1. First measure r as the distance between the Cβ atoms of B:Arg48 and B:Arg169, then evaluate 1/(1 + (r/R0)^6) with R0 = 22 Å and state the FRET efficiency to the nearest 0.05.
2. Would you kindly derive the ³J(HN,Hα) couplings of region B:116-133 from the backbone phi angles with the Karplus curve 6.51 cos²θ - 1.76 cosθ + 1.60 (θ = phi - 60°), listing them in order in whole Hz, with x for Gly and Pro?
3. Given region B:225-270 reduced to its alpha-carbon atoms as identical point scatterers, what log10 I(q)/I(0) does the Debye formula return at q = 0.23, 0.24, 0.29 Å⁻¹?
4. If you fit an axis through the alpha-carbon atoms of helix A:44-58 and take the longest principal axis of the Cα set of chain A, what angle between them do you get, 0 to 90°, nearest 10?
5. 7 Å from Cα along Cα→Cβ at both B:Leu147 and A:Ala81: what's the point-to-point distance in nm?
6. Quick one: plug the Kirkwood hydrodynamic radius of region B:56-144 (C-alpha pairs) into Stokes-Einstein at 25 °C, 0.890 mPa s, and report D in µm²/s.
7. Does region B:127-260 classify as rounded, prolate or oblate by the C-alpha gyration tensor (a ≥ b ≥ c root eigenvalues; a/c under 1.5 gives rounded; else a/b over b/c gives prolate, otherwise oblate)?
8. Given H placed 1.01 Å from N in the peptide plane, which residues other than close sequence neighbours of A:Met59 have an amide H under 5 Å from its amide H?
Amino acid sequence: MTALEGVIAVIGLALITILTRGFFLIPERELPLPAWLQQGLRYAPLAALVAVVAPEVVMTQGRLISTWMDARLPAVLAATAYFYWRRGILGTILVGTAALLALKLAFGW
Amino acid sequence: MSRIRVVSNLLKPRSLDPFVPTHGARSALGRTIRRMSVSDAAPQALWRHPEFARGAREMTGTALGIGAWGLLTGVAMAKSGLPLPLAAFMSLIVFAGSAQLAALPLLAGGAPLWVVWATALCVNLRFVIFSAGWRRYFSDLPRARRLRMAYFAADLNYVLFMRRFPDQRPVPEAVPYFWGGVVLNWTAWQVPSMIGLFVGDRIPSEWGLGFAGTLALLALTYSLLHDRSTWIAAAVAGAAAVAAYALPLKLNILVAIAAAVAIGLLIDHTTTRPVDPEEDLT
């Protein structure tokens with residue numbers, strides 16, 4: 001790959017970022033999106049989040065985890081408890097990460 | 001550096017057109033009158049608007065998780081074998097972490113350009129769905145501005161924005177709130193990405209940094225769960241994402257979105273509840 005090819009590839013990727021993020025913002029006219037779809041879209045952000053989180057918590061290398069001795073499960077429990085106690089996102093990250101590190105260091109989970 | 005200048009340019013008052021809510025008023029005359037009445041008011045710098053601060057503030061909680069992910073993405077890019085200047089260029093202008101990570105091995109392995117681009121396109125498909133949501137708020141802005149905003153609109157911007165403005169109608173606060181969140185998210189992502197790129201493998205992977213990003217999303221997920229239908233939709237999305245995990249190109253995310261939207265609509269239509277006239281905008 002020459003330097004020029006690399007630059008072209010990267011510029012193309014940047015254009016893809018704009019094209020996908022702005023896809024339905026490109027036309028000037030109002031889009032005839034069906035009403036049910038507009039309504040259903042309110043579930044999209046939630047679903048996208050869960051779709052990233054769930055495999056990260058319960059899967060290892062493409063398979064469901066088969067042991068309870070996985071530091072991620074107690075870490076998620078601790079983070080969840082903190083969230084419903086205090087509702088802070090920053091604190092949730094810190095508590096969960098601390099639990100994860102403690103279990104890894106103490107038990108090698 | 002140039003990217004930073006671009007961002008600061010966007011924040012100058014010069015670029016602030018008055019936000020014109022022409023929703024429902026389609027005549028040119030009505031549009032002109034609205035435009036005049038809005039521009040009569042003293043133009044307020046976008047970044048001084050209280051909603052700008054709010055947008056940034058509501059992003060701070062997740063910024064730590066974003067930063068951890070940015071750092072890891074930078075490290076991965078440094079280790080990919082791509083020349084460092086090209087990797088830095090990529091991180092700064094592509095600004096889409098998962099697409100970058102998917103494109104990296106292909107680029108480094110000398111795959112044809114169309115394969116690299118098609119891969120990034122598939123990984124980014126969820127943004128196409130999100131863009132239909134953005135349209136409800138920004139369709140009255142000029143196209144160039146819409147696309148400039150779209151470029152910076154990452155996943156978490158969408159999530160936080162929709163939590164802040166759930167009513168699906170354009171309001172004047174939307175634009176400053178959007179930019180506040182975008183500036184914080186962009187910085188929280190790009191600065192650690194650059195650090196990761198240049199310090200590379202000096203960051204040990206067993207620190208569990210990636211999990212910090214997952215926890216940030218987990219907390220954000222909880223903040224969106226407020227009734228039975230959102231809980232069920234979330235459970236269905238999680239199950240679908242795990243079940244479809246073997247699909248290539250992160251298409252399991254699309255499957256999960258489709259499943260959650262379907263089950264959400266099903267619940268909404270089978271549950272009888274008083275119709276809120278304000279809600280029926282269609």
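1. Values: r = 25 Å, r/R0 = 1.11.
Step by step, r from the Cβ atoms, then E = 0.35.
2. With coefficients 6.51, -1.76 and 1.60, one gets 4, 5, 4, 4, 4, 4, 5, 4, 8, 4, 4, 5, 4, 5, 4, 5, 5, x Hz.
3. One equal scatterer on each Cα of region B:225-270 leads to -0.71, -0.75, -0.94.
4. Helix A:44-58 sits roughly 40 degrees off the main axis of chain A.
5. Here the modelled spin labels are 5.2 nm apart.
6. For the chosen part, D equals 164 µm²/s.
7. Taking the square roots of the gyration eigenvalues as a ≥ b ≥ c, region B:127-260 is oblate.
8. It is A:Ile65, by chain and number.
The values are calculated or read from the model by the stated rules, or taken from the named source; none is laboratory data. Just so we're clear, the structure is a prediction, and the values are computed from it rather than from any experiment. Glycine gets a Cβ as well: all are built from the backbone with ideal geometry, and neighbour counts include every protein chain shown. Side chains are part of the model used for accessible areas, which takes the heavy atoms of the whole protein and leaves out ligands, DNA and RNA. Shrake-Rupley method; radii C 1.70, N 1.55, O 1.52, S 1.80 Å.
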